[in-house]
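Have a look at the structure below before the remarks.
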Amino acid sequence: MNPISPTTRDVIITRRKSIIILGVKKDETPFDSQSKTNVVVQEVVPVVDHHHHDHSKSSIFFLEEGLMPGAKLDAHFPKRKYSSPLLPREIAEHLPFSSEKINEIFEILALEPNSEKAENVEFALNMCEEPALNGEEKYCATSIEFMVDFVTSILGKIVHVTSTENENKSEKFLVKDGVKILADKNIITCHPMNYPYVVFYCHKISNSSVHFMPLEGEDGTRVKAVAVCHKDTSECDPNHNAFQVLKVKPGTIPVCHFFPDCNLL
């Protein structure tokens, strides 16, 4: 990751409802990021259709025996595309990100209060402000720099980032040889949220393990999948789709799921 440096870049946000990132010459006056009077964004679009822990496809869930080579699994790996701007820290840190300032956020982002996009904003803010679970550390990162700061504050400066890599459309897979555990402690997951600019919901998970799983689709193509197995689900909602699909109860047995595209571990 190569964050935009405030010493070499500046962001000019105009009344014409556009974001322009330009190189700054030495004789130019820097953008006053403290001023919000002329900050508006046009045509904001949710970055991805994926809420934190809202796995709409039941086929991503499986039990631990699914980690064994030769296992047959149904899985859905939708390819997601980013369509919202990735803001540098020097802009993101001066934009309000709080439910207490929801009306100001609507005004800045040019959102109609009763629109679907406004509902996405409200949902994201509520998720970010919910109290953390026991033993959980959470943070909503509104820039890559903020994400790096959060991750390194917990894990230190030596960090490995991974995610699922998939280029095929198969939904039936065979688990191939080469399954391996990537981590069983010090794990942070970062989920993209539905927000007008890129926001990641990051949280440290405990009593979980991360696995690399090479998969072969029914069409012969391969997927470099990443899966998370939660060993303690006792605090989970019993109505969550995972328990309905797997026909198990929270706290009785580990539950695994594939990590969706564009989510980072």
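If you take the residues of the stretch 207-226 that are within 21 Å of the chain's Cα centre (by Cα) and hydrophobic (A, V, I, L, M, F, W, C), which of them is surrounded by the fewest Cβ atoms within 10 Å (Cβ to Cβ)?
F212
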Single residue of the stretch 129-143 satisfying the filter (more than 18 Å from L87 (Cα to Cα) and in contact (Cβ under 8 Å) with a residue 60 or more places away in the chain) that is surrounded by the most Cβ atoms within 10 Å (Cβ to Cβ): K138
Lone qualifier among C229, C262 - being surrounded by 17 or more Cβ atoms within 10 Å (Cβ to Cβ), under 21 Å from the mean Cα position of the chain (by Cα) and closer than 20 Å to P78 by Cβ: C262
Filter pass, K101 being farther than 30 Å from P69 by Cα, in a loop (DSSP other than H, G, I, E, B), without any contact (Cβ under 8 Å) to a residue 40 or more places away in the chain and more than 14 Å from the chain's Cα centre (by Cα): no
Residue match in the stretch 74-89 (condition: over 30 Å from T221 (Cα atoms) and over 16 Å from the mean Cα position of the chain (by Cα)): yes
Sole residue being out of contact with any Ser or Thr (no Cβ under 6 Å at 6 or more places or on another chain) and buried (at least 20 other Cβ atoms within 10 Å of the Cβ), chosen from P238, P192: P192
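May I ask you to say which residue of F173, F77 is surrounded by 13 or more Cβ atoms within 10 Å (Cβ to Cβ), at pLDDT below 90 and aromatic (F, W, Y)?
Working: F173 fails: at pLDDT below 90.
Step by step, each of F173, F77 is checked, and only F77 is surrounded by 13 or more Cβ atoms within 10 Å (Cβ to Cβ), at pLDDT below 90 and aromatic (F, W, Y).
The values are calculated or read from the model by the stated rules, or taken from the named source; none is laboratory data. Bear in mind that the values here come from a model prediction, so they are computed numbers and not experimental data. As a convention, Cβ positions derive from the backbone with ideal geometry for all residues, glycine included, and neighbour counts pool all protein chains shown.
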